[in-house]
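Visitor: Sharing a structure here in structure tokens format.
The values are calculated or read from the model by the stated rules, or taken from the named source; none is laboratory data. This one's a predicted model, so the numbers in the text were calculated from it and none came from an experiment. Don't worry about glycine lacking a Cβ; one is built from the backbone with ideal geometry, like all the others, and counts go over all protein chains shown. Ligands, DNA and RNA are stripped out before the accessible areas are found, and what is left, the full protein with its side chains, is counted by its heavy atoms. Shrake-Rupley method; radii C 1.70, N 1.55, O 1.52, S 1.80 Å.
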Amino acid sequence: MEKITEKLLLEKGSPNTNKLEQIKTLNLSRLGLKVKDLPVRLLSRLRSLERWDLSGNSLQELPRGLELPGLRSLDLTDNQMEDVTTLDSLTGLEELKMEDNIYITVSDNYKLMVLLPKLRIYNGKDVTTTANHLRYVYTENLRTRVVALWEKSFCLPDPLTPEKMANLEKDFVNTARHQIKFGPSSVSDYTKWRVEMIAKEYLCSLTEQKEENKESKQPTVTKENCNATTPVKRKQASSAVDANTSLTPRKKTRADPPAPRAEDSPRKSSRLQLTPRKQAQADATRSSPGKALRPSLTPVRGRPAGAGTPGRGSRAQQPKEDGPQGAAKKDAKATGPQRDADMLRGLKSCDKTQPVCLKPLHVLQCHSKQDSPEDFNTQLWACAFQPPLDHSTDGAGGSRLVATCGGDSLCLIDCETGIVMKKYKVPGEEFFSLAWSTVLMSREGGGSARHCSVLAAGGKRGLVKLIHPRTNTAYGEFRASRKALSVLHFNPRHGNFLFTGSYDNKIVMWDIGGVDSKYNFKVIQLLVLEIGATPLHICLPPASPSTHLLAACEEGLHCYNTQLDTNTKKRSEEMEITFPIYKKEDKDHHYHTIDGLKFLTDDIVASKSYMQGSIYLWSWSRTKAQRPDSKTGAVCAVVLAELQWANTEIPYLALNTCPRDAYIVCGDDRGRLWTYHVSNLLKGSFQSGKPIAPTEVLEWPAPVRKGLGRVEGPSINSVAMDPELCYLVALSDKNMVVVWKRADSP
């Protein structure tokens, strides 16, 4: 056999070049090569290599540590391969040939599909479906069994010592390999190999969790132990997409009927004492059912509480009206008073309402890692009330059940009692968004289909989890992106249409269909919208939710056409909507990050920019009626009013609205809730100018940690109100869910 040298590689490679770094194709077939003949350091210089032919050699494995980031195709046909795990460093492989290797088994084929996350073509066949099943469904079933075995028979030693951990790992891994049985016997070797990997990963995560809990225990919540900012943490999480998830309750992947399990019981959440809270309420809450504890993973430290104070928002003036855009705006102004009158009539149902009085009711720590009351690091990101099943109510009707997400768990909370009714955990996940919808569930025997509430959730793994809370069933999942999901949103008129926004700068529209009685479902991709920046919020105009979509992103607010009457599945933006505050940008202030967006009426939109210090109310119809600038494709929002808000440099503090009561609410970085009763504002003057003060700023309720005093106000990442504004829920970046109740509610 010929020795592998730089000269040989240049001769066998193409294109013709004198630099190894420029070779894209390399043919080293039929040279009698063995693993010792492949020099790792020399071969790793082939940084641009895309196709490599090693067929007809005597290789039993590949050398460890081989780094070929550009390699997409590898031919190992007619070798003597035995150990396929040596290919694990070739993570970019999309096509692999392994025919005529007599020692390769079915288990080896399965290992390759897990080790090579991008593998699509194996021995000339498309294996995408099989590979995805192994990476997600099969792995989740194994992980569920590993977690159950741990909780039943094992626990971490105290104190943690290297010797004790080594013995524990050996015992746990060996027990898991021998006791966990899954899949056909022909792949038992693969199952044991995969179980060993999962068991080691799970034990390692528990150890890291315990060490972090030990390090983070302090007498008080200090700024020093919460020094990571929200933007950094969310962007870091987006790059880690791990396929090895495990869902509790069990995900229904086949046509098997839901079976209740002991693990599906509600969990008792850690609870902080509100300062003037009645003792009787606290005692009643402590008796809530479900005391089973379950370890929680993926710790994320919180942000420091800012020192922002209520201040005047930016008093930006409208830009000069010149060019086509200005002309369109003048046309809009000509009919402005009439349009404003129409808007007021649209809020007629709110004219008799008075500002509501909200009182703090519960403060919960239901997303704590290992249900620890010491966890003030897990960040909570999204919450939403369960919608009514009856579409004829058009969104009316109150709800006591709210869904919250943060860390590795989703919680369903009864706002009146403060009891966590159900909790779903995915070890290793970090949930960023959730959304409710109503879909049709067919019945056995041909009976008429019925509506059922479905909860979708997604996070850093790019997977959408589908849950039927009424039967406590996590019935399915699908991959929406290879990167983390930042936002989910359902079409209110077509409950099976789901929009997913992700950190790969795309929004995808899916048809998740309905479900049958055995939880079979089918997902179809309908549209792909190219955003150009990470989408943070998605809004559909209430009057036309099937024609347009507004995407609030880190680089502005963009409008898209979402009608399905064309054959174009990939679409770019229709126009960008700009705001007066953009005129004040400089090297220290970037106002293009739109981190708050919500419709208040069919036409009035509330939005805010990061660091803006105020909230804009603007007209969707008048903005859309303008002609976009011929060069930039932008139109300036027709601002109707500006609401004073907190001066803060903390991003991702989302606002929300309650159309029925004409309310807007947005939290700040000190735990306060700024509320605006817009009905009263609209009766006066409806024009841009001096920022309007909030109706009321609800102070942080200052819950008390037993023996350690009050907890300072954190950043409020998200808020939600039920349709009748009986309850308001606020989520913080320090693992606290705060429930407020309307004082005149029964």
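Visitor: For segment 703-715, does any single residue satisfy the condition of being over 27 Å from residue 431 (Cβ atoms), open to solvent by less than 40 Å² (accessible area, probe 1.4 Å), not aromatic (Phe, Trp, Tyr) and not in a strand (DSSP E or B)?
Guide: The answer is no; no qualifying residue exists.
Visitor: For segment 164-210, which positions are of a type in the set (Asp, Glu) and more than 23 Å from residue 426 (Cα to Cα)?
Guide: 171, 189
Visitor: I've got another one for you. Quick one: in segment 582-595, which of the residues that are in contact with a His (Cβ under 9 Å, 6 or more places away or on another chain) and not in a loop (DSSP other than H, G, I, E, B) is surrounded by the fewest Cβ atoms within 10 Å (Cβ to Cβ)?
Guide: My answer is 582.
Visitor: Can you find, within segment 12-66, the residue that is surrounded by the most Cβ atoms within 10 Å (Cβ to Cβ) among those that are of a type in the set (Gly, Ala, Ser) and on the phi < 0 side of the Ramachandran plot?
Guide: To start, the set of residues in segment 12-66 that are of a type in the set (Gly, Ala, Ser) comprises 13-14, 29, 32, 44, 48, 55-56, 58, 65.
After this cut, where a residue has to be on the phi < 0 side of the Ramachandran plot as well, the list is 13-14, 29, 44, 48, 55, 58.
Details: 13: 21, 14: 14, 29: 16, 44: 17, 48: 18, 55: 19, 58: 14.
Top of the filtered list is 13.
Visitor: When segment 542-571 is examined, which residues are found to be within 23 Å of the chain's Cα centre (by Cα) and not in a strand (DSSP E or B)?
Guide: Selection gives 545, 554, 555, 562.
Visitor: Looking at 42, 49, 74 in this structure, which one is of a type in the set (A, V, I, L, M, F, W, C) and in a loop (DSSP other than H, G, I, E, B)?
Guide: Selected residue: 49, the only one of 42, 49, 74 that is of a type in the set (A, V, I, L, M, F, W, C) and in a loop (DSSP other than H, G, I, E, B).
Visitor: Within segment 611-628, can you find the residues that are touching a Pro at 6+ places or on another chain (Cβ under 7 Å) and either open to solvent by 20 Å² or more (accessible area, probe 1.4 Å) or farther than 20 Å from residue 545 by Cα (or both)?
Guide: Of everything in segment 611-628, those that are touching a Pro at 6+ places or on another chain (Cβ under 7 Å) and either open to solvent by 20 Å² or more (accessible area, probe 1.4 Å) or farther than 20 Å from residue 545 by Cα (or both) turn out to be 614, 627.
Visitor: Anything in segment 498-537 that is outside any loop (DSSP other than H, G, I, E, B), of a type in the set (Val, Ile, Thr) and either under 17 Å from residue 434 (Cα atoms) or within 14 Å of the chain's Cα centre (by Cα) (or both)? List them, or say none. It would help to see each step written out before you state the result.
Guide: First, the residues of segment 498-537 that are outside any loop (DSSP other than H, G, I, E, B): 498-502, 506-511, 515, 524-530, 535-537.
From what's left, of a type in the set (Val, Ile, Thr): 500, 507-508, 515, 524, 528.
Scanning segment 498-537 gives 500, 507, 508.
Visitor: In this structure, does residue 606 turn out to be in contact (Cβ under 8 Å) with a residue 12 or more places away in the chain and within 30 Å of the chain's Cα centre (by Cα)?
Guide: In short, yes.
Visitor: Hey, can you tell me all the residues within segment 645-678 that are over 30 Å from the mean Cα position of the chain (by Cα) and surrounded by fewer than 22 Cβ atoms within 10 Å (Cβ to Cβ)?
Guide: Hit for segment 645-678 is 677, nothing else.
Visitor: Please count how many residues of segment 123-138 are surrounded by 20 or more Cβ atoms within 10 Å (Cβ to Cβ) and out of contact with any helix residue (DSSP H, G or I) (no Cβ under 7 Å at 6 or more places or on another chain).
Guide: Residues in segment 123-138 being surrounded by 20 or more Cβ atoms within 10 Å (Cβ to Cβ) and out of contact with any helix residue (DSSP H, G or I) (no Cβ under 7 Å at 6 or more places or on another chain): 2 in total.
Visitor: Mind checking which residues of segment 465-486 are hydrophobic (A, V, I, L, M, F, W, C) and open to solvent by 10 Å² or more (accessible area, probe 1.4 Å)?
Guide: Listed by number, the residues that qualify are 478, 480.
Visitor: Let me ask another. Cβ contacts < 7 Å: first residue hydroxyl-bearing (Ser, Thr, Tyr), restricted to segment 15-37; second residue open to solvent by 70 Å² or more (accessible area, probe 1.4 Å), any location; separation 6+ or different chain. Result?
Guide: Pairs found: 25/50; 25/51.
Visitor: Of the residues 575, 611, only one is closer than 25 Å to residue 525 by Cβ and at pLDDT below 95; which? So that I can check it myself, show each step before the final result.
Guide: Details: 611 fails: closer than 25 Å to residue 525 by Cβ.
Going through 575, 611 in turn, just one is closer than 25 Å to residue 525 by Cβ and at pLDDT below 95: 575.
Visitor: Among 151, 163, which is without any contact (Cβ under 8 Å) to a residue 40 or more places away in the chain and more than 21 Å from residue 461 (Cβ to Cβ)?
Guide: 163
Visitor: For segment 513-532, which positions are within 17 Å of residue 569 (Cα to Cα) and among the hydrophobic types (A, V, I, L, M, F, W, C)?
Guide: 523, 524, 526, 527, 528, 529, 531, listed by residue number.
Visitor: Just to be sure, is residue 608 closer than 26 Å to residue 732 by Cβ, open to solvent by 40 Å² or more (accessible area, probe 1.4 Å) and touching a strand residue (DSSP E or B) at 6+ places or on another chain (Cβ under 8 Å)?
Guide: Working: closer than 26 Å to residue 732 by Cβ: yes; open to solvent by 40 Å² or more (accessible area, probe 1.4 Å): no; touching a strand residue (DSSP E or B) at 6+ places or on another chain (Cβ under 8 Å): yes.
Criteria not met by residue 608.
Visitor: Quick one: residue 85 ticks every box in (1) assigned to a loop (DSSP other than H, G, I, E, B); (2) under 25 Å from residue 123 (Cβ atoms) except a single one, so which number is it?
Guide: Single failed check for residue 85: (1).
Visitor: Step by step: first the residues of segment 404-427, then only those that are in contact with a Ser or Thr (Cβ under 6 Å, 6 or more places away or on another chain) and not in a strand (DSSP E or B), then the one that is surrounded by the fewest Cβ atoms within 10 Å (Cβ to Cβ). Which residue is that?
Guide: Among those residues, the one meeting the criterion is 418.
Visitor: Starting from segment 508-529, take each residue that is farther than 25 Å from residue 552 by Cβ and list its partners that are surrounded by 19 or more Cβ atoms within 10 Å (Cβ to Cβ) and hydroxyl-bearing (Ser, Thr, Tyr), counting only C-beta distances under 7 angstrom and pairs at least six apart or across chains.
Guide: If the second residue must be surrounded by 19 or more Cβ atoms within 10 Å (Cβ to Cβ) and hydroxyl-bearing (Ser, Thr, Tyr), the pairs left are 515/475; 519/473; 519/475.
Visitor: Just for segment 357-378: of the residues that are of a type in the set (D, E, K, R) and assigned to a loop (DSSP other than H, G, I, E, B), which one is farthest from the chain's Cα centre (by Cα)?
Guide: Among those that are of a type in the set (D, E, K, R) and assigned to a loop (DSSP other than H, G, I, E, B), it is 374.
Visitor: Taking into account only those residues within segment 431-464 that are open to solvent by 10 Å² or more (accessible area, probe 1.4 Å), closer than 30 Å to residue 135 by Cα and part of a loop (DSSP other than H, G, I, E, B), which is modelled with the lowest pLDDT?
Guide: 442
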